[in-house]
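Report on the following structure.
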Amino acid sequence: MAQWTERARLSGEVWLRRFGFSLGLLLLLALYGWALRGVEFDLSSIFKYGGKFFELLGRMYPPDFSALPQLVRPLLQTIQMATLGTFLGALMALPLVVFGSQLVVRSALIYWPVRAFMNILRTIPDLLYAVLFVAAMGFGPAAGVGALSFFACAIIAKLTSESADNINPKPIEAVEAVGANKLQVIRYAVLPQLIPSFIDHVIYVFELNVRVSAVMGYVGAGGMGMQLTTAMEWRNYPQVLTIALLIFALVIIIDMIANRIRDAFVQGIKLHPVVRWLEWGILAGLIVWSFISLEVDLTRLRRGFGYFSNLVWAITTEPATEYLGLAIQRMVQSLQIALVGTTLSFLLSFPLGFLASRRYVGIPVALAVSMKQIPNIIRAFPELILAIFFIATFGPGPLPGVLAIAIHSIGMLGKFNAEIVEKIRKEPVEALQSSGASRLQVFRYAVLPQVLPEFLALFIYRFEINVRAASVLGIVGAGGIGSLINEAQSYRAWDIVGICLVVIIPTVMAIDFLSARIRKKLIEG
Amino acid sequence: MATPILRVHNLTVIYPGVHPVKALDNVNLEIYPGEFVVVAGVSGSGKSTLLRAINRLAENDHARIEGEIYFDGINVLKASRRQLREIRSHIGFIFQEYNVVERLPVLTNTLVGSLAQVGFLRSLLGRFPKEQIERAHRALVRVGIPQHRHGDRAARLSGGQKQRVGIARALLQRPKLILADEPVASLDPITANVVMNIFKKINEDEGITTIVNLHDPVLTFKYGKRIIGLKGGRIIYDKPISAINRETFEEDIYGTVDGEG
């Protein structure tokens, strides 16, 4: 009897699980069906107009190098903006990190507001900063520097404060125990531990800033992007290609230099004092040169300050609530763009991850090595440029946004997928091989179970990043809430821009929070 | 006898939480200038809490400290932040885990001990006065770190050497009292004896009052001149070494040989 009920309960559980599984699958399918409709995704138009993309590329070839001399100045301006933006951002980030740390400031009254401020800064996407600063300070590189410094500050503060949570609290006690005051404790126990990771993050953000700086001119914030807009408007495609290639080269060179510096720093190479002073001199010179040639003036700064207080005032006192529904609707579309784009990218990069790793399958070395380079090359192409190309192909709308995100994300997903495959434990693989399993069986039972949770975690992380991208790509015409910002911007309807911010910030925050929770669950099992 | 340099009166320390823990229960004691006191007890007996309550580091662990602690006649528990910093600057604290900043040079780690004596701006810029730098070199040499290693990062030192830096740091404070919380618990027996000898010599040469927490009975009897036994947050012994019967002491403090109690 007992056995019977036991069996009945067991099969009941099995059925319940199966039911839950099918229900989940159904919901997932429904979710994707809904998202695909939302982004107006249909394969026939991709096939129908996809040819136009290559036609467009064909019209760009050969690139017009005669335009190079007049591109030198914007190129330098791009570097200057990135340098100055990173420098100012780092300056702003340091106090945020220190006073947002529980270890340094033991009063929650101080570190909570600082952390909340940090999180809000972090939710605003790069291009949105650019739009806001252009509106505040007028066209030109000064707006770019403002946007980049906030963008840089947000990321440096976020990453470094994660490191700050992990510093050793013991030296802090030692310095307190000798009777030192708070600032001395920070100077002698906190900063020495924090500086290495801080500098590491600053270098990383400089790389990011070069990418952003190269394209943010598209919304009027100075640098190469402005030339790109002009060339695109005049349909001067050979010049477009020249500019795109130039940006591509700049990004790759900067990445290489940054990697060199980072390696030297991590290994702690002892430098001759003269060399070290020389380096500091070069760095200081670079910053001063950027400062002087950008012609940042105080009246503009004051104007910008007034603009932002007006914006905050508009949001808090007379929000354009009648546009709230529309803003939410467009935000949903941004989420759909991010979801479909990330999924496509994931499907494309999944095989790439396995092919780029020769850990477990016998792939020719040459193939694996060349596969490994593909993500690096793709990564150097900013989403925005891809989006512009796709808009020229398919016309404005969410589809170009999806495709731009899908292609650009292959860079990161492919790279990290390969790394995940590369570091799987080989013992289970050997156990299956020794039992005579086929290659496919080894893959199914020894490889896949190890990599799947990490792949999913990576997918979710990339989705989080892409939500930010999807909410601004509309500024160039690629659908989502960015398109609303773009329209409001051209009518100077700041209250509508404000309502967009009100929708974007909590959405991105919620996505970040959920993503962090799910990833933690996935990785820890 | 002279007036005590440290007087602890009815000290009770509670770590609040869902299950509050009473780490010290009504502790009374007087320490006189020049004494060398070993506080003995198993882990969890309240040794660390006692030392960390004296300079109020225990507040970092959100401990509630009740009672009175007089250092040099000043009530530590009633002191303002500024007064507390002043008090702390006269008390050298030695940690079990050395608490050096691994990335900073040995010399800077030592100079940290002089922060309270150096002008504020100078200290923030890292420009220590020549006199302090020289004192730091001398203190390091004295505890056995040769001059050519003073520029090395602390990360490159062994555990025993890091603890010597910890002692040099305390010496730079010109302390009236040294509190050492399990200073040799992370060291091998030979190094432990070397470090304990440094404490002994400082106490004998300069007469700096020293309180050392030790869980090891061998070291306790070798170095202690006065021994305070803690158990469950209460003082159960407080006698000069000569007055203690070693066997009954060990049973009372550490429990029976098979680990009960």
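A compact table of results
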| item | result |
| --- | --- |
| Criterion: over 19 Å from A:Ile254 (Cβ atoms), assigned by TED's automatic domain parsing to the domain that holds A:Gly306, within 21 Å of the chain's Cα centre (by Cα) and among the charged types (D, E, K, R) - qualifying residue of A:Arg115, A:Arg187 | A:Arg115 |
| Lone qualifier among B:Lys201, B:Lys162 - being part of a helix (DSSP H, G or I) and within 14 Å of another protein chain (Cβ to nearest Cβ) | B:Lys162 |
| Test result for A:Asp263, under 26 Å from A:Ala142 (Cβ atoms), at pLDDT below 85 and either acidic (Asp, Glu) or out of contact with any Gly (no Cβ under 9 Å at 6 or more places or on another chain) (or both) | no |
| Evaluation of A:Asn168 against (1) closer than 20 Å to B:Pro183 by Cβ; (2) open to solvent by 20 Å² or more (accessible area, probe 1.4 Å); (3) in a helix (DSSP H, G or I) (one fails), failing number | (3) |
| Entirely in segment A:406-525, the helices (runs of 4 or more DSSP H) that have 2 or more residues that are at pLDDT 90 or above and under 27 Å from A:Trp313 (Cβ atoms) | A:481-490, A:494-524 |
| Matching option when the condition is open to solvent by 10 Å² or more (accessible area, probe 1.4 Å) and touching a residue at least 40 places away in the same chain (Cβ under 8 Å), among A:Gly482, A:Gly477 | A:Gly477 |
| In segment A:171-183, the residues that are open to solvent by 10 Å² or more (accessible area, probe 1.4 Å), facing chain B (nearest Cβ under 8 Å) and part of a helix (DSSP H, G or I) | A:Glu173, A:Glu176, A:Leu183 |
| Filtered residues of segment B:198-228 (kept if more than 16 Å from the chain's Cα centre (by Cα) and either among the β-branched types (Val, Ile, Thr) or open to solvent by less than 30 Å² (accessible area, probe 1.4 Å) (or both)) | B:Val218 |
| Qualifying residue in segment A:386-409 (condition: surrounded by fewer than 23 Cβ atoms within 10 Å (Cβ to Cβ) and more than 26 Å from A:Glu233 (Cα to Cα)) | no |
| Lone unmet requirement of (1) within 13 Å of another protein chain (Cβ to nearest Cβ); (2) on the phi > 0 side of the Ramachandran plot for B:Gln83 | (2) |
| Test for A:Tyr61: is it closer than 27 Å to A:Val467 by Cα and either β-branched (Val, Ile, Thr) or in contact (Cβ under 8 Å) with a residue 24 or more places away in the chain (or both) | no |
| Those helices (runs of 4 or more DSSP H) lying entirely in segment A:59-151 with at least 2 residues open to solvent by less than 10 Å² (accessible area, probe 1.4 Å) | A:68-99, A:126-137 |
| Test: residue in segment B:51-70 that is at the interface with chain A (Cβ under 8 Å from one of its Cβ atoms) and of a type in the set (Phe, Trp, Tyr) | no |
| Test: residue in segment B:138-149 that is open to solvent by 30 Å² or more (accessible area, probe 1.4 Å), at pLDDT below 95 and within 14 Å of another protein chain (Cβ to nearest Cβ) | no |
| Complete set of residues in segment B:103-132 that are more than 7 Å from chain A (Cβ to nearest Cβ) and in contact with a strand residue (DSSP E or B) (Cβ under 7 Å, 6 or more places away or on another chain) | B:Pro105 |
| Residues that are acidic (Asp, Glu) and either buried (at least 17 other Cβ atoms within 10 Å of the Cβ) or under 14 Å from A:Val497 (Cα atoms) (or both), drawn from segment A:295-323 | A:Glu318, A:Glu322 |
| Filter result for B:Lys239 (open to solvent by 30 Å² or more (accessible area, probe 1.4 Å), part of a helix (DSSP H, G or I), of a type in the set (Lys, Arg) and modelled with pLDDT of 90 or more) | no |
| Contacts under 7 angstrom Cβ, first residue in segment A:129-150 being on the phi > 0 side of the Ramachandran plot, partner part of a loop (DSSP other than H, G, I, E, B), 6 or more apart | A:Gly140/A:Gly222 |
| Scan of segment B:117-137 for residues that are touching a residue at least 12 places away in the same chain (Cβ under 8 Å), of a type in the set (S, T, N, Q) and open to solvent by less than 20 Å² (accessible area, probe 1.4 Å), ordered by number | B:Gln132 |
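Residues are listed down the side, and each one gets a yes or a no for (1) open to solvent by less than 40 Å² (accessible area, probe 1.4 Å); (2) hydroxyl-bearing (Ser, Thr, Tyr); (3) assigned to a helix (DSSP H, G or I):
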| site | (1), (2), (3) |
| --- | --- |
| A:Glu162 | no, no, yes |
| A:Ile199 | no, no, yes |
| A:Val205 | yes, no, yes |
| A:Ala221 | yes, no, no |
| A:Met232 | yes, no, yes |
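Results for (1) free of Cβ contacts under 8 Å to residues at least 60 places away in the same chain; (2) open to solvent by less than 60 Å² (accessible area, probe 1.4 Å), shown as yes or no for each residue.
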{"position": "A:Gly411", "(1), (2)": "yes, yes"}
{"position": "A:Ala418", "(1), (2)": "no, yes"}
{"position": "A:Arg444", "(1), (2)": "yes, no"}
{"position": "A:Ala457", "(1), (2)": "no, yes"}
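The values are calculated or read from the model by the stated rules, or taken from the named source; none is laboratory data. Nothing here was measured: the structure is a model prediction, and the numbers come from that model. Using ideal geometry, Cβ is built from the backbone for each residue, glycine included, and neighbour counts are taken over all protein chains shown. Heads up: the accessible areas ignore ligands, DNA and RNA and are worked out on the full protein's heavy atoms, side chains in. Shrake-Rupley method; radii C 1.70, N 1.55, O 1.52, S 1.80 Å.
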